[in-house]
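The values are calculated or read from the model by the stated rules, or taken from the named source; none is laboratory data. Not measured: the values here are computed from a predicted model. When we count neighbours, we look across all protein chains shown, and the Cβ atoms used for this are built from the backbone with ideal geometry, even at glycine. For accessibility, only protein heavy atoms count, side chains too; no ligands or nucleic acids. Shrake-Rupley method; radii C 1.70, N 1.55, O 1.52, S 1.80 Å.
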Amino acid sequence: DTGVSQNPRHKITKRGQNVTFRCDPISEHNRLYWYRQTLGQGPEFLTYFQNEAQLEKSRLLSDRFSAERPKGSFSTLEIQRTEQGDSAMYLCASDPSAGNTIYFGEGSWLTVV
Amino acid sequence: AQSVTQLGSHVSVSEGALVLLRCNYSSSVPPYLFWYVQYPNQGLQLLLKYTSAATLVKGINGFEAEFKKSETSFHLTKPSAHMSDAAEYFCAVRTNTGTASKLTFGTGTRLQVTL
């Protein structure tokens, strides 16, 4: 069990560019989540996958955001035409469907300049 | 909707002193409650969880929390603070919607430990 892995850990991008983050969940965890955390706040739910199916999306997830989990293993979160307000830490988490503990990765910091 | 409120965004204690971080929850169903710790520039690490078994829950690093239904509270305590406990602490409640288990977090409490 290597834990939830995220990369890159840090990304600085210019406004208007696209960025993509990757998450590798704990193996055999079929549920995967993305959260966003801004400075001074707790994490907020963005979206959820069960295997490859995206089953829930928060209203925080604007149409510039897209997440995929093509084979039910790793997931990507893409932000198109980044804005300064997108600057945050993007956290990935996973859990087994029968479990009750959600495990988080180290997060990916995004700074939009 | 389920929610948690953390009282006090900053708490400062002396090394060796009692740590008390407050969390109150709002839930229409028996809640599952969690405390996570976040060190600078890192993700969230689970400290402990309450899942309707024992009301006094022991976690890692000497932390524990007591679920009090009458007070709708789940405060985090540690008898003796250590410098390494300095971090941000988040209380969270789990919501089950469909097949998802979502966490709703409080705004966090930053713990400072002084000599």
Query raised in the report: Of the residues that make up the stretch A:59-77, is at least one in a loop (DSSP other than H, G, I, E, B) and either among the aliphatic types (A, V, I, L, M) or closer than 17 Å to B:R94 by Cβ (or both)?
Result: yes
Query - Matching residues in the stretch B:9-30 - criterion: being touching a Lys or Arg at 6+ places or on another chain (Cβ under 7 Å) and within 14 Å of another protein chain (Cβ to nearest Cβ) - result: B:S9, B:H10
**Report entry** Conditions (1) surrounded by 14 or more Cβ atoms within 10 Å (Cβ to Cβ); (2) part of a loop (DSSP other than H, G, I, E, B); (3) within 12 Å of another protein chain (Cβ to nearest Cβ): number failed by B:A53
**Finding:** (1)
Query raised in the report: In the stretch B:85-115, what residues are open to solvent by 20 Å² or more (accessible area, probe 1.4 Å) and free of Cβ contacts under 8 Å to residues at least 12 places away in the same chain?
Result: B:N96, B:T97, B:G98, B:T99, B:K102
Query raised in the report: Which numbered condition trips up A:S75, out of (1) more than 9 Å from every other protein chain (Cβ to nearest Cβ); (2) of a type in the set (S, T, N, Q); (3) over 28 Å from B:Y39 (Cα atoms)?
Result: (3)
Report task. Report the residue count in the stretch B:62-84 for those that are crowded, with 18+ Cβ neighbours inside 10 Å and assigned to a loop (DSSP other than H, G, I, E, B). Result -> 2
Query raised in the report: What pairs come up if the first residue lies in the stretch A:20-32 and is closer than 16 Å to A:L46 by Cα and free of Cβ contacts under 8 Å to residues at least 12 places away in the same chain, the second is open to solvent by 10 Å² or more (accessible area, probe 1.4 Å) and acidic (D, E), and their beta carbons are under 6 Å apart, counting only those six or more places apart or on different chains?
Result: none
**Report entry** So A:D63, is it out of contact with any Phe, Trp or Tyr (no Cβ under 7 Å at 6 or more places or on another chain), farther than 23 Å from B:F34 by Cβ and modelled with pLDDT of 95 or more
**Finding:** no
